[in-house]
Amino acid sequence: MDIKDGRTVKGVNFVDLRDAGDPVALAEIYSQEGADELVFLDISATEQKRKTLAELVYHVAEKVSIPFTVGGGISSVEDVDILLHNGADKVSINSSAVKNPQLINDLVAKFGSQCIVVAIDAKQIDGEWIVHLVGGKVPTERKLFEWAKEVEERGAGEILFTSMDHDGTKNGFANVALSKLSGELNIPIIASGGAGNIQHFTDTFKEGKADAALAASVFHFKEIKIKDLKEELRKEGIPVRI
Amino acid sequence: MKIVIINYGAGNIQSIKFAIKRLGYEAILSHDVNEIRNADKVIFPGVGEASSAMKKLRESHLDKLIPTLTQPVLGICLGMQLMCNGSEEGNTKGLGIFDVDVVRFSKKVKVPQIGWNQIAKLKSVLFNDVDEKSHIYLVHSFYAPICKQTIATSSYGVDYSAALMHDNFYGTQFHPEKSSDIGERILVNFLKM
């Protein structure tokens, strides 16, 4: 769930925002429907942001009995401390890790690998996967696979990889890049960006070797029911919790 | 009923407090020796690194207290691991309640194990009305091998202890507070002991 000023939104290619509801209510529904994990990404940029996000985390933790990750604008040990204390299970960092990679080590030392997710947004430029910041708008000098390896070496517990080339297209996940990431790293990789139908999930587990798959709008707009998705995955021989 | 969650600065204890509240009970957070000793049920949480968590326990003298408790005690995740003899993580000596040493997963599997797995060979009232192969949520890099005190197993490259029991002491490697309906049932079973 993308969160702006306490509300859930989902961007198509991260630009046009559509309102998909109240995050706490949605979290409860998804938990009941069988989602295994929730991710909240705060994209608001107000001064109130920190407080609003901490409150949201508190209310989600109060209501749901499945794990959830929170990200968006987290840039210090103190930020993480507040979110974990309010009930977040994991935090996800992105731009702040690229700007200051040592932050990963500091967070891991203080809170442990298990709750530090590094989100990486990347797109292909001249055939090379390049890490991007600010919701995919700003290219960096970093290459996806090198950065992912560094993230692992610095102790992150998971990588949430979003392909900006696939996000919002509903044409499937970036399985070639995912499979390479999964093969090169020894930490779990979460696939994000591109889910449009149930087959795409099957493909990202089988071809992309993803450890988990994340999607937003197909669930928010009820295009895929989690129950149907999981039953199909089970039929395909992919282990799922039903 | 007085439920105390041991608060020694390790881990996401808010989630456990909320889970207990959803079940209709109230829990208090405390590191006070008398408060913990007088509780009806004690929950010993923990996430993070073993040696620094043990250091915190020693600083607040909880390392001496916990093994002497006589009411039902439930260690969760790192809490369970600290109740073992010791851990390979930071070469830590543990509380010595469970007679087993915690070791790291091999490099053949992705570490940490993060996500849902299944529990089997369930043998304790802790698992009343819980089916074999039920899904539970866990996040860990180290595990307790199967031993005499194992009351549930999971498999991740190797079969290991998903839960342990010795007298009034229980430990779960998984997070019941994050394991949806199944986790809530396990918590209720513990609170009703």
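Just subtract the alpha-carbon distance of A:GLU207 and A:GLU146 from 0.36 nm times their residue separation and send over the number in nm, one decimal.
Additional length available on full extension: 19.8 nm.
Have a look at A:ALA35, A:ALA195, A:ALA210 and tell me which one the Gaussian network model of chain A (Cα, springs below 10 Å) gives the largest fluctuation.
Its mean-square fluctuation being the largest, the pick is A:ALA35.
Provide Rg over Rh for the stretch B:1-120; use the alpha carbon set for both Rg and the Kirkwood Rh (inverse mean inverse pair distance). Kindly include the intermediate steps, with their values, before the conclusion.
Details: Rg = 14.7 Å, Rh = 15.1 Å.
The Rg/Rh ratio comes out at 0.98.
Apply the Karplus parameterisation 6.51 cos²θ - 1.76 cosθ + 1.60, with θ equal to phi minus 60°, to every residue of the stretch B:146-162 and state each ³J(HN,Hα) to the nearest whole Hz, in sequence, with x for glycine and proline.
Karplus values, whole Hz, x for Gly and Pro: 4, 8, 4, 8, 5, 10, 7, 10, 10, 9, 8, x, 8, 7, 9, 7, 7.
Pairs A:LYS51/B:LYS64; A:LYS90/A:LYS170; A:LYS90/A:LYS222; A:LYS90/A:LYS137; A:LYS143/A:LYS170; A:LYS49/B:LYS110: which exceed 29 Å Cα-Cα?
Cα-Cα > 29 Å for A:LYS51/B:LYS64; A:LYS49/B:LYS110; rest within.
Starting from the Kirkwood Rh over alpha-carbon pairs, what translational D in µm² s⁻¹ does the stretch B:46-193 have by Stokes-Einstein at 10 °C and 1.306 mPa s?
105
Post the alpha-carbon centroid distance, the stretch A:48-126 to the stretch B:1-39, in whole angstrom.
Between the Cα centres of the stretch A:48-126 and the stretch B:1-39 lies a distance of 25 Å.
Can you tell me the alpha carbon radius of gyration of the protein assembly as shown divided by the globular rule-of-thumb value 2.2 N^0.38 Å?
0.95
Among the listed pairs A:LYS4/A:LYS149; A:LYS225/B:LYS121; B:LYS56/B:LYS123; A:LYS149/B:LYS121; A:LYS149/A:LYS209, give every one whose C-alpha distance is greater than 27 Å. Can you show the working numbers first?
Working: A:LYS4/A:LYS149 31 Å; A:LYS225/B:LYS121 32 Å; B:LYS56/B:LYS123 32 Å; A:LYS149/B:LYS121 38 Å; A:LYS149/A:LYS209 17 Å.
Over 27 Å Cα-Cα: A:LYS4/A:LYS149; A:LYS225/B:LYS121; B:LYS56/B:LYS123; A:LYS149/B:LYS121.
To two decimal places, what compactness ratio does the stretch A:2-235 give when its Cα radius of gyration is scaled by 2.2 N^0.38 Å?
0.94
Would you mind listing how long the stretch B:110-160 runs along its three principal axes, going by Cα atoms, in whole Å with the largest first?
Principal extents (largest minus smallest coordinate, Cα): 31, 23, 14 Å.
Enter the Cα centre distance for the pair the stretch B:76-155 and the stretch A:197-232, rounded to the nearest angstrom.
30
Any read-out appearing in this document is the output of simple, stated calculations on the displayed coordinates, not a laboratory observation. Please read all numbers here as calculations on a predicted model, not as lab measurements.
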